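**Q** Here it is, the structure, as structure tokens.
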Amino acid sequence: MKTELEKFFELDEDEQKRIFTSYQSKKAIKRQYEFIQSELNERMIELKVLQEECQHPMATRFNRSDTGNWDRSQDSYWVECVCLDCGKRWHEDQ
Ligand SMILES: [Zn+2]
């Protein structure tokens with residue numbers, strides 16, 4: 001039974017290069033992805049801090065409901081709030 005590495009070295013040089021290049025580009029994409037993810041996480045923390053600072057003076061409120069359930073005790077009502085200044089969205093009880 002041949003190992004993957006033994007099979008790789010039996011391929012012709014062009015095929016080896018092709019596989020190596022696609023492996024390198026896969027690694028580069030993964031590295032770039034991880035970099036972007038960590039940037040996003042940091043930016044999300046900055047956004048949370050900004051949203052904590054905002055007083056949401058002009059927040060828009062929408063009355064929402066989930067009614068008509070067979071079991072009426074499952075019916076619920078809430079207010080969906082959106083602040084267009086900082087982008088924060090949250091729910092409040094009606
Ligand atoms: Zn706000």
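A short reminder: the numbers here are calculations on the coordinates, not readings from a lab. These numbers come from a predicted model, not from an experiment. As a convention, Cβ positions derive from the backbone with ideal geometry for all residues, glycine included, and neighbour counts pool all protein chains shown.
**Q** Would you mention how many residues in region 13-53 are over 22 Å from Leu84 (Cα atoms) and aliphatic (A, V, I, L, M)?
**A** Of the residues in region 13-53, 4 are over 22 Å from Leu84 (Cα atoms) and aliphatic (A, V, I, L, M).
**Q** Let me ask something additional. Starting from region 82-94, take each residue that is part of a loop (DSSP other than H, G, I, E, B) and list its partners that are within 10 Å of the ligand (Cβ to nearest atom), counting only C-beta distances under 6 angstrom and pairs at least six apart or across chains.
**A** Note: pairs meeting the criteria are Cys83/His56; Cys83/Ala59; Asp85/Cys54; Cys86/Leu50; Cys86/Gln51; Cys86/Cys54; Lys88/Gln51.
**Q** Still on this structure, please answer the following. Got a number for residues in region 50-66 being farther than 17 Å from His91 by Cα and surrounded by fewer than 10 Cβ atoms within 10 Å (Cβ to Cβ)?
**A** Within region 50-66, the subset farther than 17 Å from His91 by Cα is 50, 53.
Subset that is surrounded by fewer than 10 Cβ atoms within 10 Å (Cβ to Cβ): 53.
Residues flagged as farther than 17 Å from His91 by Cα and surrounded by fewer than 10 Cβ atoms within 10 Å (Cβ to Cβ) within region 50-66 amount to 1.
**Q** Taking into account only those residues within region 50-78 that are of a type in the set (A, V, I, L, M, F, W, C) and either in a loop (DSSP other than H, G, I, E, B) or over 28 Å from the mean Cα position of the chain (by Cα) (or both), which is farthest from the ligand (Cβ to nearest atom)? Reasoning before the result, please.
**A** Just the residues of region 50-78 that are of a type in the set (A, V, I, L, M, F, W, C), to begin with: 50, 54, 58-59, 62, 70, 78.
Those left that are additionally either in a loop (DSSP other than H, G, I, E, B) or over 28 Å from the mean Cα position of the chain (by Cα) (or both): 54, 58-59, 70.
Numbers: Cys54: 3, Met58: 8, Ala59: 7, Trp70: 38 Å.
Checked region 50-78; the qualifying residue farthest from the ligand (Cβ to nearest atom) is Trp70.
**Q** Between a residue in region 49-66 that is at positive phi and any residue that is among the acidic types (Asp, Glu) and within 12 Å of the ligand (Cβ to nearest atom), which pairs come within a Cβ distance under 9 Å, given they are 6 or more apart or on different chains?
**A** These pairs meet every condition: His56/Asp85.
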